[in-house]
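The structure under discussion appears below in the form of structure tokens.
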């Protein structure tokens, strides 16, 4: 019978051996890919002063993001601390302080746990493993193309299959509203909202909103959607962005399915001209999101992405477990060490009653060689 005191809070769960092994392996493979491309890993603390952490986060100035973080008083400094809910702002702080004098563009990667006070309806988890990479000092087309290619390769290295990438243009309405499709400043947020919900009727009711109706249909497979977006581009206001999207797509077109939803803003509230969401076969919801943005506090341009591989656990743990070698009493320890060095996992008998199969072993060490059970 389960002790009520042993129950975990809503949105938190243990990772048992199979899941923990799959996640650890995927994390290691993803970070290895980033390292191979010259991204240096940094490891910020789990807890920081709330003011510093929230000040570099989206909504930090109005308290929106701060309310998503677990907060408590530091008994040493008597200042408010917070548990990070996103590692990206911490990377920005590191770039602006300890690595302020480092050459740009600066390539950094990271991996660690984050926690949320409340999760969203689509993902009830309140503790997540976040991995990512940031290219700081550049938000160019070349930087965006490098980020997407890196994210795809990292996920492939972790075992993801059938990767697809959905592009968006977070500042699309702002750009068009200036001249091409004029909107009163107070109407911009309304048009964004109706485009977010794909509500043609609501969009038509907003003064000036009807002109944005064609954007609702510039979605779908990339080649078709970008052609429709080009037709909408009155006066060439989006010419540079369309050219940039085509250049980015060209780099990764053979490695992933590409789609375009130029008005999608969920999860892209602070990105500038470009954003993307990554999906994989067999995984519910997005496995990653990224784009171009300005670092809070310094406004230094950057391009990056975050991967949340918890959603991939179901697919990852389906991979076969590694063989385990049972080491009986009195075995040759030098032989066991040699076998571990070439990749064997071992479990050593502590008594004559230990049963190799009951302990999950697949092989037994007989003399100097493993024998299948």
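Rank 80, 34, 312 by mean-square fluctuation in a GNM of the chain with C-alpha springs under 10 angstrom and give only the top-ranked residue.
Highest fluctuation among the options: 80.
Put one equal scatterer on each alpha carbon of the range 324-372, apply the Debye formula with no solvent term, and list log10 I(q)/I(0) at q = 0.14, 0.20 1/Å to two decimals.
-0.27, -0.57
Among 100, 218, 82, which one shows the biggest mean-square fluctuation in a GNM of the chain, springs joining Cα atoms closer than 10 Å?
Highest fluctuation among the options: 100.
Need the C-alpha centroid separation for the range 133-162 versus the range 282-346, integer Å.
That distance is 18 Å.
Can you give the FRET efficiency for residue 72 and residue 113, using 1/(1 + (r/R0)^6), R0 = 25 Å, r = Cβ-Cβ distance, to the nearest 0.05? Present the calculation step by step, with values, prior to reporting the outcome.
Values: r = 17 Å, r/R0 = 0.68.
Step by step, r from the Cβ atoms, then E = 0.90.
Picking from 201, 352, 157, which is most flexible by a Gaussian network model of the chain using Cα springs under 10 Å?
Answer for the Gaussian network model of the chain: 352.
Find the relative contact order for the range 241-373 and round it to a whole percent, using C-alpha pairs within less than 8 Å whose residues are 6+ positions apart.
About 15 percent, as a whole number.
Just how far, in whole angstrom, is the range 251-277 from the range 206-227 if you go by their alpha carbon centroids?
15 Å
According to the square roots a ≥ b ≥ c of the eigenvalues of the Cα gyration tensor, what is the shape class of the range 78-165, taking rounded for a/c under 1.5, prolate for a/b larger than b/c otherwise, and oblate for the remainder?
Note, shape of the range 78-165 comes out oblate.
Among (1) -0.33; (2) -0.41; (3) -0.47, which is the computed log10 I(q)/I(0) by the Debye sum over Cα atoms at q = 0.07 Å⁻¹?
Answer label, from the structure shown: (2).
Starting from the Cα-Cα distance between residue 140 and residue 5, subtract it from 0.36 nm times their residue separation and give me the gain in nm to one decimal.
Taking residue 140 through residue 5 to full extension adds about 43.4 nm, to one decimal.
Report the calculated FRET efficiency for residue 51 and residue 161 (r = Cβ-Cβ distance, R0 = 35 Å), to the nearest 0.05.
Once the sixth-power term is evaluated, E becomes 0.25.
At 7 Å along the Cα-to-beta-carbon direction for both residue 323 and residue 269, put a label point, then send me their distance in nm to one decimal.
Output for this residue pair reads 5.3 nm.
Please state the relative contact order of the range 214-317 as a whole percent: Cα pairs under 8 Å, 6+ residues apart? If you can, show how the numbers build up before the last one.
Numbers: 120 pairs, mean separation 19.7, N = 104.
This gives 19 percent for the range 214-317.
Relative to the longest principal axis of the chain, what angle (0 to 90°, nearest 10) does the C-alpha long axis of helix 239-252 take?
20 degrees
Give the angle, between 0 and 90 degrees and rounded to the nearest 10, that separates the Cα long axis of helix 222-232 from the longest principal axis of the Cα atoms of the chain.
Value to nearest ten degrees: 20.
Readers should treat all values here as calculations from the given coordinates under stated rules, not as data from a laboratory. This one's a predicted model, so the numbers in the text were calculated from it and none came from an experiment. Heads up, the Cβs are rebuilt from the backbone with ideal geometry, glycines too, and the neighbour counts pull from every protein chain shown.
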